[in-house]
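These notes are about the structure you will find just below.
The values are calculated or read from the model by the stated rules, or taken from the named source; none is laboratory data. All of these numbers come straight from a predicted model, not from anything done at the bench. Positions of Cβ are generated from backbone atoms using ideal geometry, with glycine treated the same way; all protein chains shown enter the neighbour counts.
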Amino acid sequence: MKKSYLKGVSKAAIFCLLLALATSIAYPVQAASPALKPELSELKIGVPDLDPSFLPNWAAEQKGFFKEEGIANVKVLVFKGNAPTVQALSGGTIDLCVASLIGLVNTINAGQKFKAFWAGYNMSDFAWYGQAKYKSIADTKGGRYAVSRFGSLTDFLTRYALRKAGLDPEKDVKILQLGGQAEFLAAMSSGQVDVAILSLPNVYIAAEKGFVQLMSQKDLARDYPTHVVYSKEDFIGKNPNTVKSYVRATTKAMEWIKAHPDDAANLVNKQLKFKVEYARKAIDDLKDGWYPDGRLPLDGMKVFWAIAAQSGDAKDPWPNSKWLDDTFLKTQDQWRK
């Protein structure tokens, strides 16, 4: 009787052991890859304009994705152009920014220890709108152009568009620094400028006001590294889990926007004060440019470096290691999902 009892216990123990092994094999991710707690519970993010292309950052905050990733308090601060955004990053007002690659290149050229750690904002959504008397960029000789700041993405692209049209941006037109998109539209409406580079959904507003599209960014490149996410090198080095939490939250937001475009349009209306119908159309035009895997556009990068060489910002294409910490891109299969 005693031997039978022991035999039964032994079988039960073996069964439990096998069950435990099977469970560990069936659910290896939960056991081996627990989410790592971010070093920071607060994060300040800078963007250079009130533009729906930055929506994943607002959506991640509004939908609670940052909190899900352990970052309890997030502020998305809006500046007027890349220059004040970079100044805020340098001075510690913000922890990281989502801004133009040319802005990052310029800061590195100026000696700042900044690097990008993520991308995936590959939309080519700008267009140049002008007064109705013009038919093309080539017709605007002697005209006044609006950009946010000298050295900004809007300035960078505008000078390239002018050269493509056969005009010298230093001699043939006057380029004015006007701040943001709202200021561009106001200046065009009052006749203070002749042409402005506009983003979505401001292009729809410009068309309704009777302004004429003179060129699209897609005429220059079908995709483009419009924004990259960057910070100080020492911030990235000291806060890798915070970086991962930021990326997980904003890439969840990209997926949410694509799955719920109507709700996302309402969020744009609430956050940016654009009409819902404009916001909804902008999301349709932007959605294919948001890449949760953070990829860079192959064709767009070639165009970017060609423009940088033409403008004197870089003699030759830089190796990625000069401006990008690709650690997170290369290991995302281990931590992003």
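Things worth noting here:
- Test result for Ala60, crowded, with 18+ Cβ neighbours inside 10 Å and touching a Ser or Thr at 6+ places or on another chain (Cβ under 6 Å): yes
- Test: Thr158 is in contact with a Pro (Cβ under 8 Å, 6 or more places away or on another chain), touching a residue at least 24 places away in the same chain (Cβ under 8 Å), hydroxyl-bearing (Ser, Thr, Tyr) and within 24 Å of Gly312 (Cα to Cα): yes
Yes/no matrix, rows are residues, columns are (1) surrounded by 14 or more Cβ atoms within 10 Å (Cβ to Cβ); (2) under 21 Å from the mean Cα position of the chain (by Cα):
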{"site": "Leu298", "(1), (2)": "no, yes"}
{"site": "Met301", "(1), (2)": "yes, yes"}
{"site": "Trp305", "(1), (2)": "yes, yes"}
{"site": "Ala314", "(1), (2)": "yes, no"}
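- Lone unmet requirement of (1) modelled with pLDDT of 95 or more; (2) among the β-branched types (Val, Ile, Thr); (3) buried (at least 18 other Cβ atoms within 10 Å of the Cβ) for Thr331: (3)
- Residues of the range 189-230 that turn out to be buried (at least 21 other Cβ atoms within 10 Å of the Cβ) and free of Cβ contacts under 8 Å to residues at least 24 places away in the same chain, as a count: 1
- Leu77, sole failed condition from (1) part of a helix (DSSP H, G or I); (2) surrounded by fewer than 22 Cβ atoms within 10 Å (Cβ to Cβ); (3) of a type outside the set (S, T, N, Q): (1)
- The criterion of at least 1 residues that are under 19 Å from Asp155 (Cα atoms) and either at pLDDT below 95 or of a type in the set (S, T, N, Q) (or both) is met by the following helices (runs of 4 or more DSSP H) wholly inside the range 172-249: 181-189, 202-208.
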